[in-house]
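Here the structure comes first, spelled out in structure tokens, and everything after it is commentary.
The values are calculated or read from the model by the stated rules, or taken from the named source; none is laboratory data. The shown structure was predicted, so the numbers you read here are calculated from the model rather than taken from an experiment. With ideal geometry, Cβ positions are generated from the backbone for all residues, glycine too; neighbour counts draw on all protein chains shown.
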Amino acid sequence: MMNRRNLLLGAAITALLITTPAVADDLKLPRQHVDLVAPPFVHPHEQATKEGPKIMEFTLKIEEKKVAIDDEGTTFQAMTFNGSMPGPLMVVHEGDYVEVTLINPDTNTMPHNIDFHAATGALGGAELSLINPGEQVTIRWKATRTGVFVYHCAPGGPMIPWHVVSGMNGAVMVLPRDGLNDGKGHALHYDKIFYIGEQDMYVPKDAKGKYKSYDSPGEAYTDTVEVMRKLVPTHVVFNGKVGALTGKNALTAKVGDNVLIIHSEANRDSRPHLIGGHGDYVWETGKFSNAPQTGLETWFIRGGSAGAAMYKFLEPGIYAYVTHNLIEAVELGATAHFKVEGKWNDDLMTQVKAPAEIPAPKTN
């Protein structure tokens, strides 16, 4: 089991070595506080804006908790931002300042921080945001690059992969101030946006092959790292649990809706695919300064990154959204559903003949 005292002491020493001036509110910019919402949903935001840069205020509260990750009763010692896996999607515009207050309640047992892939400097904010239980910190960085970017906890050494695969990851979307475009100057608008965070999990088993349960993250650490080092996940899920986005939890849309799907994977590669649909416009690397690819059947999300895909639904029905490693999608849990309402278009697809028995061969 991990020595919590030594871990906290190491974090405290690291914090003392970091000397930063007090943050003065000298930018003289308007401030906007944003109430974050749990994925797959996204807080209200403007897709394009004529207003100048703002200081966008966000709060992330770290929560360590035991969660159920499938319908078989398997539990997992999760570490989360705002209680969800993934953490909330934060949306700003290029030129805005992102000001994040990170809170580590004294009910937690671990030091935590946050590394923003969208930020420049100080390990993405990780050095400036390392806090022990019972502490909070506020950091600010300028959104200078457009696109979707991962954020994750990075407390140092072997703690980094463990915290990431335990749920401590999310994404930031930095929109161009004039909104998205097709790479040829034509504006693109989405009617709905959903954030899907793919999570690989490594749950230890006992001698009888049953998943083990633990009462704290520290208790689970040694066994979990042993599973992690084999690089074979026991679960690959969307939004924290097998079935989190299927059945009654399916994502909803209507025929004619343009839907923007943000997909992140903080640790492993992924291959999103919408069965029965396509990526009309896909920013596979997640960066809006690049022209989107069009008409993709499957796209590639590199481990440690996020991507964006827009699709206009043309037929009603249930669409499965999967990672097209179908073993992971079907056997390990990486499947979501879109439930789309509207009128069926026979010109796009129709059943020409209903199923019937094959006629017996004629005999002379």
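Regarding Ile160, is this residue within 21 Å of Leu27 (Cα to Cα) and surrounded by 16 or more Cβ atoms within 10 Å (Cβ to Cβ)? Taking the combined requirement at face value, the residue does not satisfy it.
The set of residues in the stretch 246-272 that are surrounded by fewer than 22 Cβ atoms within 10 Å (Cβ to Cβ) and aliphatic (A, V, I, L, M) comprises Ala250, Leu251, Val255.
Per-residue answers, yes or no, for (1) crowded, with 16+ Cβ neighbours inside 10 Å; (2) modelled with pLDDT under 95; (3) touching a helix residue (DSSP H, G or I) at 6+ places or on another chain (Cβ under 8 Å); (4) part of a loop (DSSP other than H, G, I, E, B):
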residue	(1), (2), (3), (4)
Asp26	no, yes, no, yes
Leu29	no, no, no, yes
Ala38	yes, no, no, yes
His43	no, no, no, yes
Thr49	yes, no, no, yes
Pro53	yes, no, no, yes
Thr59	yes, no, no, no
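Cβ-Cβ distances below 8 Å connect the following pairs, each with a first residue in the stretch 102-118 that is touching a residue at least 12 places away in the same chain (Cβ under 8 Å) and closer than 13 Å to Cys153 by Cβ, a second residue that is in a strand (DSSP E or B) and among the small types (Gly, Ala, Ser), and a separation of six or more residues or different chains: His117/Ser305.
Taking the criterion of being in contact with a Pro (Cβ under 7 Å, 6 or more places away or on another chain) and in contact (Cβ under 8 Å) with a residue 60 or more places away in the chain, the only residue of the stretch 291-320 that qualifies is Ile301.
Checking the conditions here, which among Leu89, Leu123 is touching a residue at least 40 places away in the same chain (Cβ under 8 Å), closer than 19 Å to Phe149 by Cβ and touching a strand residue (DSSP E or B) at 6+ places or on another chain (Cβ under 7 Å)?
Leu89
The strands (runs of 3 or more DSSP E) found wholly in the stretch 69-117 and carrying at least 2 residues that are surrounded by fewer than 23 Cβ atoms within 10 Å (Cβ to Cβ) occupy 75-81, 97-104.
Of all residues in the stretch 277-287, at least one satisfies being among the basic types (Lys, Arg), surrounded by 14 or more Cβ atoms within 10 Å (Cβ to Cβ) and under 26 Å from Pro161 (Cα atoms). Looking at Ala306, is it in a strand (DSSP E or B), at pLDDT 95 or above and under 30 Å from Glu94 (Cβ atoms)? Criteria met by Ala306.
Taking the stretch 294-313 on its own, how many of its residues are over 17 Å from the mean Cα position of the chain (by Cα) and crowded, with 16+ Cβ neighbours inside 10 Å? Show your work before the answer.
So the first thing to find is which residues in the stretch 294-313 are over 17 Å from the mean Cα position of the chain (by Cα), and the list is 294-298, 311-313.
The next check asks that each one be crowded, with 16+ Cβ neighbours inside 10 Å; those that pass are 296, 311-313.
Adding up the residues that qualify gives 4.
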